[in-house]
1. So, how do all the Cα-to-Cα distances of the range 94-150 break down into 5 Å bins, in percent, from 0 on up?
2. Just to be sure I understand the model, the point goes 7 Å from the Cα along the line to the Cβ. What's the resulting residue 99 to residue 36 distance in nm?
3. Projecting each Cα onto the charge dipole of the range 94-150 (Lys/Arg +1, Asp/Glu -1 at the beta carbon, about the Cα centre), which of 147, 106, 136 comes out farthest on the positive side?
4. Check each of the chymotrypsin sites (Phe, Trp or Tyr not before Pro) in the range 46-150 and keep only those in coil by DSSP with at most 10 other C-beta atoms within 10 angstrom; list them in order.
5. In the range 37-150, if every C-alpha pair distance is counted and binned at 5 Å from zero, what percent goes to each bin?
6. Please report 41, 35 as a ranked list, fewest other C-beta atoms within 10 angstrom at the top and most at the bottom.
Amino acid sequence: MRSNWTPEMKAALSAKKLAQLRPSSTTKVCPRCQEEKPLEEFRIQRRKGKERIVYCDPCHSEKYRPQLRAYHYISNYGITESERDEMILQRNGHCDLCHEIPEQRLVVDHDHVSGEMRGIICQACNKLLGFARDDVVTLTHAIEYLGWAV
């Protein structure tokens, strides 16, 4: 807290505000849920050193998750979330790789070199490609290892 504040100025602040301004405090009040929580429940802003974000983790996720998801699809794949949903409907919920209807959600698959979107696949197939580093030779060796004819 600033040392040049007068006692009258300090008295004018609410107890909650004082708790929020104290840098040595181990708790912080979330303005959204109005709960006092340990500092560990407030993420550190990467761009501002050790300064904590305004909202606690649950409130931050609730407030920003839809915006982050929309930004993710536009910036990474050049499609909107509704376009992704339409692609899933066109496939009747089937994975482009294994052709199964997955228990988990379908994800957008893309080439990590070119950035081009390849299709909609299940998380299991996405992990398969990721662990193989999208390498055709590695995947061919895996097929041979399993005893299938190439």
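Nothing in this text is a laboratory measurement; each read-out follows from the coordinates by a stated rule. Worth saying up front: this structure is predicted, and the values here are computed from it rather than measured. Reconstructed Cβ throughout: ideal geometry from the backbone, glycine too, with neighbour counts over all protein chains shown.
1. Once binned at 5 Å, the Cα pair distances of the range 94-150 give 4, 19, 24, 23, 18, 10, 1.
2. The two pseudo-label positions are separated by 6.2 nm.
3. 106
4. Details: sites: 55, 64, 71, 73, 77, 131, 145, 148; in loops: 55, 148.
Sparse-neighbourhood loop chymotrypsin sites (Phe, Trp or Tyr not before Pro): 148.
5. All Cα pairs considered, the percentages come to 2, 10, 14, 15, 15, 13, 12, 9, 6, 3, 1, 0.
6. On the way: 41 17, 35 13.
Least to most surrounded, the residues fall as 35, 41.
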